[in-house]
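Structure first, then comments.
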Amino acid sequence: MKRICSFSSVQLFSRSFRALASPRSLNYPLQSLKRSSVRMESSNFSSGVRTDTSVKPRGALIVLEGLDRSGKSTQCAKLLSFLEGLGHPTELWRFPDRETSVGQMISAYLSNKSQLDDHTIHLLFSANRWEKRSLMEEKLKTGTTLIVDRYSYSGVAFSSAKGLNIDWCKAPEIGLLAPDSVLYLDISPERAAERGGYGDERYERVEFQKKVADFYQTLRDSSWKIINAGEAMEEVEKKIQEVALDKVKECTKGKPLSLLWSS
Ligand code: Z5A
Ligand code: MG
């Protein structure tokens, strides 16, 4: 039964992806990839997603990205306690979300229990974000700050590092919510490999991680803040808190939501 449900989500996603990539709609999305993000009303055309863009207080969308073992999950948990301690409604999310049926297919793939074509797994990762998109928007609009452990940038960087075309990789992410802040935990692949647990999953090889790091760099925009993840945990934590708190305050005052990857 689970298999049938997950397959139909994938079919639905593939249908919307085919529509996005159809000759009629191809020009705009590809042009739009040259820009980073834009307020929702002007990007509805690229994604078909309609959203209320009025400027009201809302939660902030804070994404932590970085190579494997850069410390994302550790810092996400610390940031959650910090913001909650200050009384800000906050939730911690992660991608892949391995709880959903799509997420279970991804999890089987990552742990080498199943094999999938590179394009197929890329679309599954993207579908895993799309299945959470409306809930994400609802949470933000009702004042909850979301700390997200990996997002579209992981999706594009990892698949591009395998050799897929970067514009093709970005296309299914168009129309997802753009983060208010991307905190990139910067560490060399060699240093990260010395940390605990490295080597258990599919992509955890230093040579591959080097390619991932290069693709991450091509995705940087003004919403990114590079954090030296080689420093002591407490130092990293303080820097993250500073940036995140600024964003939370900014969004509390009212900041329109934006979409990936349209400006
Ligand atoms: N992937 C993809 O291909 N496409 C996509 O769209 C998405 C993901 C979303 C699963 O990721 C894989 O999916 C991932 C990318 C791919 N690649 N792989 N493999 P995941 O997020 O589930 O992976 P994970 O198991 O959580 O590992 P991680 O994210 O790579 O680790 P981390 O969260 O960055 O690190 P950590 O768990 O917080 O810390 C690692 C260790 O370092 C731990 O022992 C800490 O105590 C230690 N640590 C942390 N900070 C420090 C400092 N500052 N000093 C010293 N030691 C530290
Ligand atoms: Mg992690």
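The values are calculated or read from the model by the stated rules, or taken from the named source; none is laboratory data. Just so you know, these numbers come straight off a predicted model, no measurement behind them. When we count neighbours, we look across all protein chains shown, and the Cβ atoms used for this are built from the backbone with ideal geometry, even at glycine. Accessible surface is based on the protein model in full, side chains and every heavy atom, while ligands, DNA and RNA are left aside. Shrake-Rupley method; radii C 1.70, N 1.55, O 1.52, S 1.80 Å.
Annotations
- Amide hydrogen neighbours beyond the local backbone of W261, cut-off 5 Å, H modeled: I174, G175
- The protection proxy used here, the mean number of other Cβ atoms lying within 10 Å of each residue, ranks peptides 171-178, 216-223, 142-149 as follows, highest first: 171-178, 142-149, 216-223.
- What the range 61-252 shows is 41 Å² of accessible area per residue, with the surface traced by a 1.4 Å probe over protein heavy atoms.
- Computed packing ranks the peptides 86-92, 129-135 as 129-135, 86-92, most packed first, by mean other Cβ atoms within 10 Å.
- Cross-link pairs exceeding 31 Å between alpha carbons, from the set K210/K255; K139/K211; K113/K162; K78/K255; K141/K210; K72/K113: K210/K255; K139/K211; K141/K210.
- Derived scalar couplings between HN and Hα for the range 108-115 equal 4, 5, 5, 8, 6, 8, 9, 10 Hz in order, rounded to whole Hz, by the Karplus curve 6.51 cos²θ - 1.76 cosθ + 1.60 (θ = phi - 60°), x for Gly and Pro.
- Mean Cβ neighbour count within 10 Å, used as a protection proxy, ranking 239-245, 155-161 highest first: 155-161, 239-245
- Taking amide H atoms as placed 1.01 Å from N in the peptide plane, the amide H of R94 lies under 5 Å from those of D149, each 5 or more residues away in sequence or on another chain.
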